[in-house]
Amino acid sequence: MAPTTRRRFLASAGAGAAGLGLGAAGGFLVGQESADASANGTGSVAFYGTHQAGIDTPAQDRLHFAAFDLLTEDPAELQELLREWTLAAAEASAGEMVGDVNDVPLAPPDDTGETVGLLPSSLTVTFGFGPNLFEKPGLGLAGKRPAALKPLPPLPGDELDPAESGGDICVQACSDDPQVAFHAIRNLARIGRGTVAMRWSQLGFGRTATTSRSQDTPRNLMGMKDGTANIKAEDTEAMERFVWVGDEGPAWMRGGSYMVTRRIRMLLEVWDRASLQDQERTIGRHKYSGAPLGGSDEFEPLPLDEQHNGHPLIPVDSHVRLASAKENSGARILRRGYSFTDGVDESLGELEAGLFFICFQRDAAKQFVPIQERLGQIDALNEYIKHVGSALFAVPPGAKSGGYVGEGLF
Amino acid sequence: MNLKMLCAGTALLLVLSISACGSSEDAPAGAKQVSFKLTDAGCEPHDTKAPAGPITFEIENAGTAKVTEMEIMDGETILGEKENLSDGLSGNFSLTLEKGEYTIYCPGGDDERGTLIVSGDLKAQNSPQIEKSIASYRTYLEQNTDKLVAKTAPFVAAVEAGDVAKAKSLYTAARIPYEKIEPVAESFGSLDPRIDARENDVPASEFEGFHRIEKALWEEGTAAGMAPVAKQLQADVEELAAKVKTVDLQAVQIANGANELLGEVSASKITGEEERYSHTDLVDFEANVEGAEAAFEAVKPLLDETDPELSGEIEADFKMVFAALEPYRQGNGFVSYTELTKADTRKLAQSIDTLAEKLSQVPAAIAQAEHQ
């Protein structure tokens, strides 16, 4: 059966309704295909490849992230799930409808339908495995657990809610159309029903990082440019050195990466009351230009050793200083986070909003953890943020067409 | 980009100055005058010196068509400028500058860049009212740190004696004076975390101070092992009391401190995170607000000069916040945080947000007072 693009389906369904009535079911297969726009934002990103998509892909604008608990301890069921998820994710990424049965009048369609007529919109679907997956005796994966997949240690400033943390399997769906990202998570959750249960999920409405030199630096909800000094995908040397797992990892993880997610609630009401001067000193950059304090260009190097009238130009407790590679023995991470809002904080009547931080690295214990240990203790930003959710996932390498993500585990 | 924005962006470099950023046509009282002539060569003098504080730059075009403006820059950032001074015209602008080296930039001249060296101390520039405001807050500050030392002593004694019940009864009395002046304590680096860190703020080995003892008393139900922690706490609050006596205070800083206290309320008191074992968060809540009110009252005369309307609104909002807290008063203190419903905390949070939004306008408003 040939894949059904969502645009094609729409065009033919319209024709069917006009002239052919019920008998036209299935007629979409021969419908005339619309010219697929491949312009930035609407085109498709290859699902299969050396690495999973959604890491070195230029960060899309929208996110729907979900963490699932595995309900079975039967390895065959887990493999079957991963096989089905891989197929569905590949279909959705290509802008095709998910599943085979989408036109049987008496059957609910496989695809939930909300993306019919929408373009692929740069959808990427990225899968990861949490430490706890390897603790389930029935699965027999204990010996496969990489040393780097140790649960994150308690970090200073943590205010974690277990209900918004952890998970056995995660799915990161990114797209330039929020409905396309939502559709991916919804359909995977449906396919997994009975095998997995969604533990928590997070919508992100705007990217807060730049992962490609082709992108402008976006602003986070504090109004600050975020991700200026991020690793860029074009910097393949940095990607190899800091992001992709190499020979140090087990075979099934080589070419993969480790993903840390942190749900960071911003106390926006408090931040908004801070003077411009305090905001800039907290971050260590000028608000509007994004330049380091005292500078005028966003991309000029941080003058960490410079003094101004007897004080360090970039304050000792400023976020950029503490997070800089120079102050972290050279450690860097690939950030790929999103701004979120989930309505009103019930007990405060304030905006429940912030940053859903995502980062990728070769080893979280050597990269994210030491950076956050310092940030959590003395970052001036801590006055305005709370880390309320946390998770670590091993993101295996990409699948080949015909294979499935995580296949190397079994 | 407008000048106001540029100006605000550089204000951080002049950290403690009261009128951190001012470029105005009216010369501030007592401003040092520095005169320049625009010539084909650039600006005359090429280099000059001035004392820290308000400086008025008088510029006259002495017959050049090449140079028609002068800028004072800090690095590449323009702090102040006078433009469009064609032959025969003159003009001026004023800046308050801290000690340092600045660039005199005269675009178009043969030699465009000269150096302005500013030396000396800014503090002497305070008006009598500013000095009065600072003195009044200093008194409040010292009263509270003295009280902190006095009220911590019996608490520490009870902990050392292993008397859990007595220590619990003395806990909040020691906390109150600290919570009133917390932003000042925070300016002394590691002193605040030693005295007041919550369990997850610091590595386990560094968890000490009030909240370590709070945890022992309320959660562990014993003071065992707490004697050294208590002893250190007493030493730390004494160190704080000694340090505040020499701390350099500025009016804008005091006003900022009021904001920070309300930020504390929003971030950790309304959420019950501060006193997570004793649940005495509302005691801290009231102390933070009282501390903010005292800081505000100290600088209020300055605000009354520039924005009496805002001043009146803030006074009314303080009353509103205290009124919102009133239903939860119980005995000498307040009900346990655990008795509050989400609707209760929501109402309290909203009252703080209302007040704090206005209070956050005070530092800029009183910095303005300096130029009048």
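Quick rundown of the values:
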item: The stretch B:162-226 versus the stretch B:44-106: alpha-carbon centroid distance in Å; result: 53 Å
item: Degrees, to the nearest 10: A:75-93 long Cα axis against longest axis of chain A; result: 90 degrees
item: Residue B:46 versus residue A:410: modelled label distance in nm, points set 7 Å from Cα along the beta carbon direction; result: 8.1 nm
item: Entries in A:386/B:342; B:32/B:99; B:180/B:358; A:150/A:326 that, when Cα-Cα distance is taken, lie over 22 Å; result: A:150/A:326
item: Relative compactness, the protein assembly as shown, computed as alpha-carbon Rg over 2.2 N^0.38 Å; result: 1.11
item: Over chain A, relative contact order from alpha-carbon pairs under 8 Å, at least 6 apart, %; result: 23 percent
item: Anchor residue A:232: aspartates and glutamates whose Cα lies under 13 Å away (excluding residues fewer than 8 positions away in-chain); result: A:56, A:216, A:240
item: Stretchable slack from residue A:213 to residue A:305, in nm (0.36 nm times residue separation minus alpha-carbon distance); result: 30.4 nm
item: Residue B:99 versus residue A:327: modelled label distance in nm, points set 7 Å from Cα along the beta carbon direction; result: 2.5 nm
item: Between helix B:128-160 and chain B: long-axis angle, C-alpha atoms, 0 to 90°, nearest 10; result: 30 degrees
item: J(HN,Hα) series, the stretch A:155-169, from Karplus relation 6.51 cos²θ - 1.76 cosθ + 1.60, nearest Hz, glycine and proline x; result: 10, x, x, 4, 10, 6, 9, x, 5, 10, 10, x, x, 7, 9
item: Extension gain (nm, one decimal) between residue A:251 and residue A:50, 0.36 nm per residue minus Cα-Cα; result: 71.0 nm
item: Highest-first arrangement of B:303-312, A:161-170, where packing means the average Cβ count within 10 Å; result: A:161-170, B:303-312
item: Computed E for residue A:161/residue B:242 - FRET, C-beta separation, R0 51 angstrom, nearest 0.05; result: 0.80
item: Near-label residues of the stretch B:316-334 by backbone N, under 19 Å of a point 7 Å along Cα→Cβ of residue B:358; result: B:316-326
item: Eligible lysines near residue B:66 by straight Cα distance, threshold 21 Å, same-chain separation 8 or greater; result: B:37, B:82
item: Theoretical FRET efficiency, 1/(1+(r/R0)^6), r = Cβ-Cβ of residue A:72 and residue A:316, R0 35 Å, to 0.05; result: 0.10
item: Extension gain from residue B:336 to residue B:313, taking 0.36 nm per residue of separation minus the Cα-Cα distance; result: 5.2 nm
item: Given charges at Cβ of Lys, Arg, Asp, Glu: chain B dipole, positive-most of B:252, B:345, B:59; result: B:345
item: Anisotropy class of chain A from Cα gyration tensor, a/c 1.5 cut; result: prolate
item: Net dipole in debye of the stretch B:56-128 [+1 Lys, Arg Cβ; -1 Asp, Glu Cβ; about Cα centre; nearest 20]; result: 240 debye
item: Anisotropy class of chain B from Cα gyration tensor, a/c 1.5 cut; result: prolate
item: Helix-only CD estimate at 222 nm, as mean residue ellipticity for chain B, using -39500 (n - 2.57) per DSSP H run (n ≥ 4); result: -15500 deg cm²/dmol
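Just so you know, all these numbers are worked out from the coordinates, no wet-lab data involved. Keep in mind the model is a prediction, meaning the values are calculated, not measured. With ideal geometry, Cβ positions are generated from the backbone for all residues, glycine too; neighbour counts draw on all protein chains shown.
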